[in-house]
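The values are calculated or read from the model by the stated rules, or taken from the named source; none is laboratory data. If you're wondering where the values come from, they're calculated on a predicted model, not measured in any experiment. Don't worry about glycine lacking a Cβ; one is built from the backbone with ideal geometry, like all the others, and counts go over all protein chains shown. With ligands, DNA and RNA removed, areas are computed over all heavy atoms of the protein, side chains included. Shrake-Rupley method; radii C 1.70, N 1.55, O 1.52, S 1.80 Å.
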Amino acid sequence: MTARLHVDLDALVANIAQVRATVSPAELMLVVKDDAYGHGLEPVVQTAAAAGVSWFGAFDVRTGCAVRDAVGDDARIFAWIAASRDDLEAAVAGRIDLGIGDADLLEELAEAARDAEAPVRVHLKIDTGLHRNGVRPEQWPAFVSRAAVLEADGVIEVAGVWSHIAEASDSEDDDARALYEWALDEATAAGLRPSMRHLAASAASFARPEFRYDMVRVGAFC
Ligand SMILES: *Cc1c(COP(=O)(O)O)cnc(C)c1O
């Protein structure tokens, strides 16, 4: 016997519409890690792009490049796992927005970006408690200062400041959001003007309007 999975792309379109209506005016970033949660990356991102989704969350650079191939030049594609110099170069070439949560990685990216035609767009990540590749609060002020220098040099453009939260309890999420607010203030003080502030995944984006900021990263609920 062969197992088959039938994916109803009309249902995907309806779900996307529902999510966008709920989170508006925040932007939807459709998260498509793990082969679009096992639904098939290419048909999912093509259907979503045709429905007007312009931001995709790709987890790693390899997935980000696959999204770029599937949807073309206009989409904004965000990847937050870059493991090697090759990954960084592929991200620059594929015009992927990169999530950066490590000071050394920022320097490596700056090296990879020096010859790029345009500044490489980065989203700086503060660790608000999950301890998954974010910059610790005590290192954050120096990190955003360094990013501001690289931005002034035209090497990077700081497009976003972001974090990831547990979405397990409201009080923990509130603590994370307080730290995130502090991180935004520090970024502003360093001279950065990120246009995309993003914190929430599916659960918080639905239940907690104050977590939506400019954009929400939603996989499951789509
Ligand atoms: C998986 C993931 C999301 C999406 O989470 P859902 O609960 O599926 O909406 C958002 N942001 C990051 C960083 C993720 O890893």
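Hey, what angle do you get for helix 140-152 against the long axis of the chain, alpha-carbon based, 0 to 90 degrees rounded to 10?
With both axes taken from Cα atoms, the answer is about 90 degrees.
For H6, H164, H123, write out the residues from largest to smallest accessible area, computed with a 1.4 angstrom probe and no ligands counted.
H6, H164, H123
Out of region 1-49, which trypsin sites (Lys or Arg not before Pro) are coil in DSSP terms and have no more than 11 other C-beta atoms within 10 Å?
R4
Quick check: residue separation of D102 and Y37 times 0.36 nm, minus the Cα distance between them. What number comes out in nm?
Roughly 20.7 nm would be gained on extension.
Principal axes first, then extents: for the Cα atoms of the chain, list largest minus smallest coordinate on each axis, whole Å, largest first.
Projected onto its principal axes, the Cα set of the chain covers 55, 43, 33 Å.
Semi-axes of the equivalent ellipsoid for region 2-127, please: Cα gyration tensor eigenvalues, times 5, square-rooted, ordered largest first, whole Å.
With the √(5λ) rule applied to region 2-127, the semi-axes are 28, 16, 13 Å.
Do you know the relative contact order of the chain, to the nearest whole percent, from alpha carbon pairs under 8 angstrom that are 6+ apart?
Once divided by the residue count of the chain, the mean separation gives 19 percent.
Using 0.36 nm per residue of separation minus the Cα-Cα distance, give me the extension gain between D10 and A93 in nm, one decimal.
Here the answer is 26.6 nm.
Just the number please: accessible area per residue for the chain, 1.4 Å probe, all protein chains included, in Å².
Spelled out: the 1.4 Å probe surface of the chain, per residue, equals 48 Å².
Would you work out what percent of the accessible area of the chain, with all protein chains in place, is carbon or sulfur (probe 1.4 Å)?
Carbon-and-sulfur percentage of accessible area, whole number: 48.
Counting only the heavy atoms of the protein chains, how much of R68 is accessible to a 1.4 Å probe, in Å² to the nearest 10?
Roughly 20 Å² of R68 is accessible to a 1.4 Å probe.
Any chance you could run the full-extension gain for D73 through R193? It's 0.36 nm times the residue separation minus the Cα-Cα distance, nm to one decimal.
Gain on stretching D73 to R193: 40.8 nm.
Taking the Cα atoms only, what angle lies between the long axis of helix 41-50 and the longest principal axis of the chain, rounded to 10 degrees?
90 degrees
If you take the beta carbon distance between Q46 and D86 as r and set R0 to 35 Å, what does 1/(1 + (r/R0)^6) give as a FRET efficiency, to the nearest 0.05?
Working from the Cβ atoms, E equals 0.85.
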